[in-house]
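The values are calculated or read from the model by the stated rules, or taken from the named source; none is laboratory data. Note that this is a predicted model, so its numbers are computed, not measured. Neighbour counts run over all protein chains shown; Cβ positions are idealised from the backbone, glycine included. Remember, those area values only see protein heavy atoms, side chains included, never the ligands or the DNA or RNA. Shrake-Rupley method; radii C 1.70, N 1.55, O 1.52, S 1.80 Å.
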Amino acid sequence: MNNFMFYSPTEFVFGKDTELQTGALVKKFHGTKALIVYGGGSVVKSGLLNKVKQSLDEAGIAHIELGGIQPNPTDPKVYEGIELGRRENVDFLLPVGGGSVIDTAKAIAAGIPYEGDFWDFFIGKAIPQAALRIGVVLTIPAAGSEGSGNSVITKVNGLKKLSLRTPEVLRPAFAVMNPEVTYTLPAWQTASGVTDMMAHIMERYFTNTTDTEVTDRLGEGTLKAIIKEARIVMKEPHNYDARANIMWAGTIAHNGICGTGCEEDWASHFMEHEISALYDVTHGAGLAVIFPAWLTYMADHNVGKVAQFAERVWDVPSSADLKAVALEGIARFKAFLHEIGMPVTLKELGIEHPDIDLLVAHLHENKGELVGNYVRLDRQASRTIYEIANGSTNF
Ligand code: NZQ
Ligand code: ZN
């Protein structure tokens, strides 16, 4: 096991009616004027936004709004939020929504006190030293941004989707999580969220670091729980306990605990970010296509942990033929993804003629000549994985 630092100071307030505590929580974390950030309107339609505003009023917190954040959020809304926040002297960011809304709010929070261009943070030109405090009201279990120190934004000019990871300044102070607000999620978004949280565990699980028994078992156990609860949620969208378990799993998957002591991978995420930047697909659905392809490549190049994943998560009987075990695990994973309505090929994702040359070029421009850690992927390797995802190689 490697040395590690794990610091996850977010206050999670979980359960029914917890959104009514939002105002008191903003006050607790010294906010006096909040910029509420939200998406395309689901929180207006459900009445959640009004409840949150009422709770702020009751706590004496002033508030203004920035709505209209789209999935795969882009930089213009961040610039708009920075300008608005400065002009209105806000001291707190309150995203009400999912990863796209939260990530936009995080970028605004870091951008307001910074004299330069916020995009500097995403291209590694500067590291955020300070940010306005952020509190989250979560509406979709998926990206795990409510407990992560990350923000992912796409620059429209050049279609660069890049992530920033600075937990010291970007981790939310609190996250309000009421599973009931997730009842209105369309099946596609529920399943994409499930896939994304599974991927967050897997990016950490597939490691060459040895003797990480506790971390491995945390990952395997959470994956098994997600598989079980996801099957219920897809059939019974109003099942409170299944929604609650899935919601909490989304946070556990990405707040860092599942990667303690391990060198993490993240190649599948970087490969997917190129797909969602170029084709604007749902992030989790993109991962449903990329991760099985990545695993298939790994079954040939570093089978050990893939076979362990097959045995322990998918109950494949053990055998001396590790590759056969691994491939059976991947087949069961794909069958599960289909069962919950996810695509497993680029074609099923709606991309008939992917520009693999461009995907490979962007990936390595953005992330360097070698991507990931479980196996370091060069251009040839990443091309092969995109081709497996495209079904254009009999790998
Ligand atoms: O915009 P509205 O109308 O609110 O609708 C949203 C949106 O269309 C809808 N939705 C959310 N909650 C709902 C709801 N509809 C009905 N009822 C509800 N309760 O769902 C759609 C998707 O929302 P989005 O915020 O895009 O979802 P998600 O949480 O999956 O976020 C995806 C973004 O997060 C990034 C992804 O790349 C993508 O850009 N990620 C962020 C990470 C992080 N910050 O740590 C890590 C992840 O790996 C990921 O890369
Ligand atoms: Zn993700």
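Label positions at Glu11 and Arg231, each projected 7 Å from the Cα along the C-beta direction, are separated by 3.9 nm.
Taking the Cα centre of the stretch 268-344 as reference, the dipole from Cβ charges on Lys and Arg (+1) and Asp and Glu (-1) amounts to some 140 debye.
In terms of Cα atoms, the Rg and Dmax of the stretch 187-390 work out to 16.0, 46 Å. Summarising the amide proton neighbourhood of Thr74: residues at separation of 5 or more, or on other chains, whose placed amide H is nearer than 5 Å comprise Thr154. Extending each Cα 7 Å along its Cβ direction at Asp321 and Gln54, get the distance between those two points in nm, one decimal. About 6.3 nm separates the two model spin labels.
A Cβ-based charge dipole, computed about the Cα centre of the chain with Lys and Arg at +1 and Asp and Glu at -1, lands at about 560 debye. Kirkwood's formula applied to the C-alpha pairs of the stretch 269-343 gives a hydrodynamic radius of 12.8 angstrom.
Peptides 192-205, 219-232, 255-268, ordered by how many other C-beta atoms sit within 10 Å of their residues on average, highest first, read 192-205, 255-268, 219-232. Shape of the stretch 60-168 from its Cα gyration tensor (a ≥ b ≥ c, root eigenvalues): rounded if a/c is under 1.5, otherwise prolate when a/b > b/c, or oblate? Since a/c stays below 1.5, the shape of the stretch 60-168 is classed as rounded. Charges were assigned to the Cβ only: +1 to each Lys and Arg, -1 to each Asp and Glu. The resulting dipole of the stretch 38-158 about its Cα centre is roughly 220 debye. Taking amide H positions as modeled 1.01 Å from N, with prolines and chain starts lacking one, the residues under 5 Å from Ala143 and 5 or more places away or on another chain are Gly99. Using the alpha carbons alone, the radius of gyration of the chain stands to its Kirkwood radius in an Rg to Rh ratio of 0.96. Amide H contacts of Phe12: Ala175, each under 5 Å away and 5 or more positions distant or on a separate chain (H built 1.01 Å from N in the peptide plane; Pro and chain starts excluded). Built from the Cα atoms of the stretch 306-383, the convex hull projects on average onto 6.6 nm², one quarter of its surface area. A dipole drawn for the stretch 187-390 from +1 and -1 charges on Cβ atoms has a positive end, and of Met271, Thr282, Thr190 the residue lying farthest that way is Thr190.
Taking a point 7 Å from the Cα of Asp378 along the Cα-to-Cβ direction, none of the residues of the stretch 264-278 has its backbone N closer than 16 Å to it. Across the stretch 11-181, Cα pairs under 8 Å and at least six residues apart give a relative contact order of 28 percent.
Annotation: per residue accessible area for the chain equals 40 Å², rounded to a whole number [probe 1.4 Å, protein chains only].
Membrane-span-like helices of the chain, defined as complete DSSP H segments with a Cα extent of 20 Å or more along the helix axis and a mean Kyte hydropathy of at least -0.5, are identified as 187-205, 213-235, 240-254, 283-301, 322-339.
When each of the peptides 302-312, 137-147, 98-108 is scored by how many other beta carbons lie within 10 Å of its residues on average, the order from highest to lowest is 98-108, 137-147, 302-312.
Among the protein heavy atoms of the stretch 11-181, carbon and sulfur supply 50% of the accessible surface, probe 1.4 Å, non-protein parts ignored. Out of Thr251, Pro354, Gly221, whose Cα points farthest toward the positive end of the dipole of the stretch 187-390 (charges: +1 Lys, Arg; -1 Asp, Glu; placed on Cβ)? Ranked along the dipole, the leading option is Gly221. Adding -39500 (n - 2.57) for every DSSP H run of four residues or longer, then dividing by how many residues the chain holds, sets the calculated 222 nm ellipticity at -16000 deg cm²/dmol.
Shown is the FRET efficiency for Leu358 and His338, computed with R0 = 30 Å from the Cβ-Cβ distance and rounded to the nearest 0.05: 0.60.
When the Cα positions of Val303, Thr384, Ala59 are compared along the charge dipole of the chain, Ala59 comes out farthest toward the positive end, with charges on each C-beta of Lys, Arg, Asp and Glu.
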